[in-house]
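Remarks on the structure that follows.
The values are calculated or read from the model by the stated rules, or taken from the named source; none is laboratory data. As the structure is a prediction and not an experimental result, all values here were calculated from the model. Quick reminder, even Gly has a Cβ in these numbers, built from the backbone with ideal geometry, and neighbours come from all protein chains shown.
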Amino acid sequence: MELTIGAFARAVRLSPKALRLYDELGLLHPARVDPHSGYRYYTENQLEHARLVSWLRRLGMPLTRIRTVCASQASDAAAEVASYWAEVERLTDEQRRLATFLVEHLSGKDCPDRDERKGTEMADGPNTITLRYAVQSDHGRTREYNQDWAYAGDRLFAVADGFGDHGDADPVSALAVEALKPLDDAIPAGDLLNTLQNAVGDAEIAVRDFARSDPAYEGVGTTLTAMLLSGSQLALVHVGDSRAYLLRDGSLTRITHDHTVVQRMVDSGQITADEAASHPQRSILSQALHGGEIAAVDSGLHEVRAGDRYMLCSDGLSGVVEPEGMRSVLKSVDVPEKAVRRLVQLANERGGPDNITCVVADVVAKPVE
């Protein structure tokens, strides 16, 4: 049965204007357009599609993802919606923490002097906080080239895992990390997250320009996980499947969320986390810095404490060393240099199927002199 645009709009509780917009955006085309009057006609079979588009728009889903949902089978569409909403909840939580910080910062509840300290020292009540860190990267047992890149400095820590064939030159992951290195200076806490996010934008441009500079570089890209500290605040940005962990009071917590096809399946309840660990598609990324669309980068603020130990790593470590194995090393090996060395050794002992990169950073308090 054919419906006029007015009748169809009433049936799906949308305005004719919204239906015309959906047509222009390619989300819902009319079944027929009168060649003389230009009037749009729809069919009853399109009612469910129209309602789905309307619901997804109300969720705030981007148009590109709405198209993906509408073009997918029901189970895949459900997984896409579940994955999107998990991302919304993570972003909302990050925004809530940022808003809380800004309220305190603008209310004068934080100490401005704390952010003026140079080097790695930050105020912590009667103590100062200093950072101890170490980094190590290894080819692993099977890879010819090392496409990982890492950096550890007074305030900045970053790990990137490159992919794609680009010959013998430095991996594309190096471009991403090098774009962040100028941040390894004192930065006011109020500007911390925006500063790091802007630098990630620069990293993405560098990677995209490289990927588009030569047809031979098509398909190259990189993950990026980085932390930047100022005062007692830590900003975290993350895209891909490299990871960041926090060891606090003996408990190890992953503070990043993998951007992979398999993680979406876990989020939607299609498979369990245990099944994901051995899934044949576990390394397929859903987000990364590359030559295509702009990546959806996770970001947030965290409060550091004396005694915290942070670890960043590529999936060459997290993919083969179980969380308890990492926790055991991070808890028992005090010196960061020895900890990264032992973690890389563990990954190689488990076959070293990928490049292995690890950064360990300790938050240490010492009395004010």
Look at residue 180 and say whether it is touching a Phe, Trp or Tyr at 6+ places or on another chain (Cβ under 8 Å) and surrounded by fewer than 20 Cβ atoms within 10 Å (Cβ to Cβ). no
Go through the stretch 130-148 and count every residue that is β-branched (Val, Ile, Thr) and outside any loop (DSSP other than H, G, I, E, B). 2
Can you find even one residue in the stretch 111-123 that is modelled with pLDDT under 70, of a type in the set (D, E, K, R), buried (at least 18 other Cβ atoms within 10 Å of the Cβ) and under 30 Å from residue 341 (Cβ atoms)? no
Go through the residues of the stretch 37-49 one by one and say whether even a single one is surrounded by fewer than 13 Cβ atoms within 10 Å (Cβ to Cβ), charged (D, E, K, R) and under 32 Å from the mean Cα position of the chain (by Cα). no
Return the residues of the stretch 267-296 that are among the aliphatic types (A, V, I, L, M) and either touching a strand residue (DSSP E or B) at 6+ places or on another chain (Cβ under 9 Å) or at pLDDT 95 or above (or both); say none if nothing qualifies. 276, 284, 285, 288, 289, 295, 296
Test of understanding: among 230, 286, 278, which residue is more than 20 Å from residue 87 (Cβ to Cβ) and either out of contact with any Leu (no Cβ under 8 Å at 6 or more places or on another chain) or outside the structural domain of residue 359 (by TED's automatic domain parsing) (or both)? 278
Please work out which one of (1) part of a loop (DSSP other than H, G, I, E, B); (2) touching a Phe, Trp or Tyr at 6+ places or on another chain (Cβ under 8 Å); (3) of a type in the set (D, E, K, R) is the condition residue 354 fails and give its number. (2)
May I ask you to list pairs of residues, at least six apart or on different chains, whose Cβ atoms are under 7 Å apart, with the first in the stretch 312-339 being within 19 Å of residue 131 (Cα to Cα) and the second being loosely packed, with under 14 Cβ neighbours inside 10 Å and of a type outside the set (A, V, I, L, M)? 331/250
Which one of 299, 314, 328 is surrounded by fewer than 17 Cβ atoms within 10 Å (Cβ to Cβ) and of a type in the set (Ser, Thr, Tyr)? 328
